[in-house]
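Q: I have a structure I would like to understand better, so I am pasting it below and will then ask my questions one at a time.
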Amino acid sequence: MRAIWKGAVSFGLVSIGVKLYSATEEKDIRFHQVHREDGGRIRYKRTCSVCGEEVTYDDIAKGYDIGGGEMVILTDEDFADLPLTSSRAIDVLEFVPAEQVDPILYNKAYFLEPEGTATKPYVLLRDALLDSERVAIVKVALRQREQLATLRVREGVLLLNTMLWPDEIRNPDFGFLDEDLKVRPPELAMASSLIDSMTGEFEPDVFTDDYRAALQEVIDAKVEGREVVQPEEAEQAPAAAVDLMAALKASVDRARAARGEQPSRGGSGEPTPISSARSAQKAAEKKAAKAPAKQAATKKTAEKKAAEPAKKTAAKKTPAKKAEPAKKTAARKTTPRKSA
């Protein structure tokens, strides 16, 4: 990393020499505007809208539009006498609990590295911030602009977060805020259940920029001259639910299923369009499954009844056949014996 600023943190009567580094970087894939036919870069000339002449940077000044087509021109001399905190100082104003600083105020982040012999007081300030569980509110001048900022500790390093001024935060003036909307307790309970089912530990490394990865794949394919494979389309968001409770319950069940848990049971007890449709579908499937079994059982009963007369007839014929041995015995008894 390359230091973009050098100065000192003014902590009471203690001065801590530091170097400033950008703590973040954008990973967006940047493009140049080029001529479609030959790939030539498109260049823009700085021309005056009044005389049409091309203007160099040395001839460019700052203009403030006061309306009505009138412009006030400001030069470097006009900015020289403006009150501005020393461009090489980070003045600590006070220490406050971190939760009192609204995150919407945060703008950009910078790492601070101790310079020269300032390591000892740097570590002292760092450990004092950790021990007090507070952040320092400071003022600093960066790029010719005075800014409010905080000093806090991140991974053993002092982190400077520049902040927006309070009057730079817009008021959310939306019509729905004046509407008298009531949320039913069962809906609130189901929404809380959904939050509980989706609660976890934040691990930023798990999340990736899928669009940037797909775009890089397209660029690599162009470079290598191979075929570009279309990425799989993301699952479409479900259509708007007719019933808010039904949508919340379905969301809870899906979240629990993703975690390998059993779907929720119970609820408000009121049928919803989704639950009613599912119940009707299950009942139809159950009835359809029972129909073949019932037909098979009826067929077996009919076959059984048809076989009973034949079985009875066979039973009657069997005793007549068994009487033959007795007939033979009687014939033997009537045969006279020969005399000796």
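Q: Would you mention how many residues in region 153-168 are crowded, with 18+ Cβ neighbours inside 10 Å and in contact with a helix residue (DSSP H, G or I) (Cβ under 9 Å, 6 or more places away or on another chain)? Spell out how you get there, then give the answer.
A: First pass over region 153-168, keeping only residues crowded, with 18+ Cβ neighbours inside 10 Å: 158, 160-163.
Filter again for in contact with a helix residue (DSSP H, G or I) (Cβ under 9 Å, 6 or more places away or on another chain), leaving 158, 161, 163.
Number satisfying all stated conditions: 3.
Q: Continuing with this model, one more query. Of the residues that sit in region 1-54 and are part of a strand (DSSP E or B), in contact with a helix residue (DSSP H, G or I) (Cβ under 7 Å, 6 or more places away or on another chain) and open to solvent by 50 Å² or more (accessible area, probe 1.4 Å), which one is farthest from F95 (Cα to Cα)?
A: So the residue we want is V14.
Q: How about region 102-119: which of its residues are within 19 Å of D167 (Cβ to Cβ) and outside any strand (DSSP E or B)? Before you say what the answer is, go through the steps one by one.
A: We begin by selecting, within region 102-119, every residue within 19 Å of D167 (Cβ to Cβ); these are 102-108.
Within region 102-119, D102, P103, I104, L105 meet the criteria.
Q: Looking only at region 103-122, which residues are in contact (Cβ under 8 Å) with a residue 24 or more places away in the chain and either within 15 Å of L148 (Cα to Cα) or in contact with a Leu (Cβ under 9 Å, 6 or more places away or on another chain) (or both)?
A: Hits for region 103-122 are I104, L105, Y106, N107, K108, A109, Y110, F111, L112, E113, P114, Y122.
Q: Can you name the strands (runs of 3 or more DSSP E) wholly within region 120-211 that have at least 2 residues being modelled with pLDDT under 95 and more than 30 Å from the chain's Cα centre (by Cα)? It would help to see each step written out before you state the result.
A: Details: elements: 134-142, 145-154, 157-163.
Filter on region 120-211 gives 134-142, 145-154.
Q: Moving on to the next point. Is it true that V228 is at pLDDT 70 or above, over 19 Å from the mean Cα position of the chain (by Cα) and more than 22 Å from S193 (Cβ to Cβ)?
A: So V228 fails the test.
Q: Can you give me the number of residues within region 55-101 that are outside any strand (DSSP E or B) and either exposed (fewer than 12 other Cβ atoms within 10 Å of the Cβ) or at pLDDT 80 or above (or both)?
A: Step one: of region 55-101, the residues outside any strand (DSSP E or B) are 55-61, 68-69, 75-88, 98-101.
Remaining after also requiring either exposed (fewer than 12 other Cβ atoms within 10 Å of the Cβ) or at pLDDT 80 or above (or both): 55-61, 68-69, 75-83, 88, 98-101.
The qualifying residues number 23.
The values are calculated or read from the model by the stated rules, or taken from the named source; none is laboratory data. Everything numeric here is computed off the predicted structure, so don't read it as measured data. Every residue, glycine as well, gets a Cβ built from its backbone with ideal geometry; the counts of neighbours run over all protein chains shown. Calculation scope for accessible area: heavy atoms of the full protein, side chains included, ligands and nucleic acids excluded. Shrake-Rupley method; radii C 1.70, N 1.55, O 1.52, S 1.80 Å.
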